[in-house]
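What follows is a single structure, written as structure tokens, with notes after it.
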Amino acid sequence: MNSPSFSVPFIEISIFFLAAFTLAWVLPRTWLGSVFVRRRLPPGPPTGWFGNFSLPSSYQWLHYAKWKEVYGDIIYVYILGNPVIVISSAQVAEELFERRSRRYSSRPIRTMVVELMGFDWLFSSMPYGRRWKQHRSLFHRHFHRLLTSDYYSVITKETYTTLRNLANTPDDFAHHLRRTAAAIVMRISYGHEVSDKGDIYVTLADEAMQGLGAAGIFGTFLVDYLPSLKYIPAWMPGADFKRQALIWRKKTRAMIDKPFQAVRERMADGTAIQCFVQKELEKLQQDENLNPNYENTIKNVAGISYAAGADTVRCNIRELFGAYLFDLQTKRAQKELDDVLAMDRLPTFTDRSELPYIDCIVWECLRWNPVLPMGLARLAASDDEYDGYFIPKGTSILPNVWAILHDADVYPDPLIFSPERFSDQKRNDDLGINKLPWQAFGFGRRMCPGRWLAYESVWFTIACILSVYSIERAVDENGLEIVPEVVYTPSLISRPMPFKSRFILRSERAGQLI
């Protein structure tokens, strides 16, 4: 007897099973959500049976900052089986992420970014555990605070190159700043010399990071709420996210694989330059006891050094030029530089202690528009209670870093770019205001381990540029100043939108120094 044949199209069968799988995911979690309601959850916007469908899709940090005015520092949202808490207070963040770090040091798995786009190597997003510890340990071994001075020569060389490039093509300042940030980390990690005009590895990394920025904030894609959607075939109608993920995945793999393979090839032909990857691969070759998987750890850590470092450096420096570098504040910074350097030489790191106002500028750049305004999500590893509120196990905790660094009680006039707010830290400590904005680098055990190198790179670049250049507003065809509109991208990595400025040598002597 022949087997029965089915006339139902395959696509309808796929949708049927997908719908069944989705309900199997959502309904139990929705039932659990109703159980949570019996306990006192933090306040938040009204939610229905399946959750709240009015979450902001862009500039989430600004929307959540407005919600803070209505619901307070800790806001609860429930959507499609996913409990989410948004934190907009330094006090709450410090309590959960630092004092209770054992419970809040893990990360939720983001299906779009990690599983579909291939960012499983990004150890800043790895769940807390053995694999994350291996990656962080290796990173820390080379980028510890006490080792930052080992990289001063690289930072100095690339920054001085930028000064020359600005003299030749000042209108391309955005490209030059991008090149500086990339050149520092590419030289340290891969021993690769980034060219002045264009570089294949930098382009690959930029394209991959654009994808991460677009997809990185929780809830940008529905598959983050409903992981079962990842099983939809890419050719199906409505699976645009799957097709886009495949495009981004190719760029992600190219970013991590190609520069690493280039180092291996240079090592094979004896032309390798000393760098992080070369040192660690040599160690792997010489130590038979090391796990072969250690090579993947080396590759991943090299990739994170670019992913984290380059954007932090270039975004903060570009922000500076768009934010305020005109008139009185510029003159104060340059007077301090002139008093120390006497226009007789360029800055060095040994001048750091005599240039405190440059530090104030860097801190205000970090505070005013943090590169990661929504930080990186944490995961509640177990049920918890804070201030009488119940926090269910499995809740994603989103730190609104932008709101924390724009708290008017801590940073008076928070929307004003004012480096002077950090000039008297003793007075600030006495008044409990203007704390140094370390939150821009994260919290507790998951704080950015490369923050020292990033800070030093930003500090030195700003000091060097201000020592020889005056930065002025661009002018239109009628000679009138163009006031730059300070606008930032709405993505996970918030970058300043393009704007125009003029870089003018301060004197003939400045040109000679360059």
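Under 19 Å of direct C-alpha separation, and excluding same-chain neighbours fewer than eight residues apart, residue 66 reaches these aspartates and glutamates: 407, 409, 413.
Rounded to whole numbers, the Karplus 3J(HN,Hα) couplings from phi for the stretch 348-361 are 10, 5, 5, 7, 3, 5, 9, 10, x, 5, 5, 4, 4, 4 Hz, using 6.51 cos²θ - 1.76 cosθ + 1.60 with θ = phi - 60°, and x at Gly and Pro. Assuming R0 = 22 Å, what is the FRET efficiency of residue 157 and residue 512, from their Cβ-Cβ distance, to the nearest 0.05? Once the sixth-power term is evaluated, E becomes 0.70. Roughly what angle does helix 200-215 make with the longest principal axis of the chain, taking Cα atoms, 0 to 90 degrees, to the nearest 10? Between the helix axis and the principal axis of the chain, the angle is about 50 degrees.
Ranked by the mean number of other Cβ atoms within 10 Å of their residues, highest first, the peptides 501-514, 432-445 come out as 432-445, 501-514. Among the chymotrypsin sites (Phe, Trp or Tyr not before Pro) found in the stretch 149-251, those both in a DSSP coil and sparsely packed, with 13 or fewer other Cβ atoms within 10 Å of their Cβ, are 235.
Which residues does the label zone of residue 99 cover in the stretch 372-406, counting backbone N under 17 Å from a point 7 Å along Cα→Cβ? Only 384-391 fall inside the zone, counting backbone N under 17 Å. Size of the chain: Rg and Dmax of its alpha carbons, in Å, are 24.9, 99.
What's the ranking of 66-76, 406-416 by average number of surrounding C-beta atoms within 10 Å, highest first?
Going by the mean number of other Cβ atoms within 10 Å, highest first, we get 66-76, 406-416.
Under 14 Å of direct C-alpha separation, and excluding same-chain neighbours fewer than eight residues apart, residue 500 reaches these aspartates and glutamates: 171, 172, 319, 472, 476, 477, 481, 485. Between the helical axis of 451-468 and the longest alpha-carbon principal axis of the chain there is an angle of about 40 degrees.
Classify the stretch 132-211 from the C-alpha gyration tensor, please: rounded if a/c falls under 1.5, else prolate or oblate depending on whether a/b exceeds b/c. Because a/c hits 1.5 or more and a/b fails to exceed b/c, the stretch 132-211 counts as oblate. Do any GluC sites (Glu not before Pro) in the stretch 444-492 lie in a loop, going by DSSP, with at most 16 other beta-carbon atoms within 10 Å of their beta carbon, and if so which? Answer in residue order: 477, 485. Close amide-amide hydrogen proximity is noted between residue 390 and 40, 41, each under 5 Å apart and 5 or more residues distant or on a separate chain (H modeled in the peptide plane; Pro and chain starts excluded).
Since every read-out is calculated from the coordinates, none of them should be taken as a lab result. Small disclaimer: the values here were computed from a predicted structure and weren't measured. Virtual Cβ from ideal backbone geometry, glycine too; neighbours counted across all protein chains shown.
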